[in-house]
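Read through the structure below, which is laid out as structure tokens, and then see the notes.
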């Protein structure tokens with residue numbers, strides 16, 4: 001989701017470690033090292049990686065560098081192939097019927113369980129190769145001064161993917177800035193016991 005959308009959901013993070021200046025200088029290189037890899041010409045089910053916030057096809061940041069004054073701006077691209085269950089069932093049934101006809105010619109009136117599984121896997125791969133992956137792009141803004149990040153989604157699976165891939169790329173760990181952690185950040189860790197016992201107020 002674009003950070004410039006009129007309406008969007010955001011997840012806020014803080015970087016848990018102090019970020020050395022040497023690592024900050026390496027960020028553009030690391031983004032390219034862990035960039036998105038296209039799977040259009042393959043049968044892969046999923047691919048993800050970093051790309052330009054301005055152009056999801058620019059994985060080398062040739063048009064627009066990720067450095068934006070005191071920020072890094074980039075994006076997480078996730079491509080996924082989805083085969084509708086009804087389509088998979090249809091083509092698997094066709095393949096199984098052909099296999100059964102062939103077996104009957106050999107004097108067998110059944111298809112073994114292992115062979116059924118093998119046929120389904122073959123059909124799945126064949127359909128994937130004929131299906132274009134659906135791209136999704138999630139913008140990221142990294143505030144270097146405050147050591148905070150914005151991710152343009154609230155989807156739990158995408159957040160988990162982003163957190164893991166960010167840690168793999170930069171060897172840094174992220175903490176979601178939930179209201180609890182934001183309050184503790186302002187009030188200090190000594191306020192944690194009081195915050196833990198707060199109860200929500202229900203408005204009529």
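Quick check: is even one residue across the stretch 15-23 surrounded by 15 or more Cβ atoms within 10 Å (Cβ to Cβ) and either modelled with pLDDT of 95 or more or outside any loop (DSSP other than H, G, I, E, B) (or both)? Yes, the stretch 15-23 contains a residue that is surrounded by 15 or more Cβ atoms within 10 Å (Cβ to Cβ) and either modelled with pLDDT of 95 or more or outside any loop (DSSP other than H, G, I, E, B) (or both).
The sole residue among 33, 106, 26 that is in the same structural domain as residue 141 (by TED's automatic domain parsing) and without any contact (Cβ under 8 Å) to a residue 12 or more places away in the chain is 26.
Conditions (1) within 19 Å of the chain's Cα centre (by Cα); (2) modelled with pLDDT under 95, marked per residue:
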| position | (1), (2) |
| --- | --- |
| 3 | yes, yes |
| 26 | no, no |
| 30 | yes, no |
| 35 | yes, no |
| 55 | yes, no |
| 58 | yes, no |
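Number of residues in the stretch 192-204 that are out of contact with any helix residue (DSSP H, G or I) (no Cβ under 6 Å at 6 or more places or on another chain) and in a helix (DSSP H, G or I) equals 3. In the stretch 164-196, what residues are touching a residue at least 40 places away in the same chain (Cβ under 8 Å), under 30 Å from residue 35 (Cα atoms) and either touching a strand residue (DSSP E or B) at 6+ places or on another chain (Cβ under 9 Å) or not assigned by TED's automatic domain parsing to the domain that holds residue 75 (or both)? Within the stretch 164-196, 165, 169, 170, 172, 173, 174, 175, 176, 177 qualify.
Scanning the stretch 113-161 for residues that are part of a loop (DSSP other than H, G, I, E, B) and touching a strand residue (DSSP E or B) at 6+ places or on another chain (Cβ under 7 Å) gives 133, 144, 147, 152, 153, 154.
The values are calculated or read from the model by the stated rules, or taken from the named source; none is laboratory data. Since the structure is predicted, the reported quantities are computational estimates derived from the model, not experimental observations. Cβ coordinates were reconstructed from backbone atoms using ideal geometry, including for glycine residues, and neighbour counts include every protein chain displayed.
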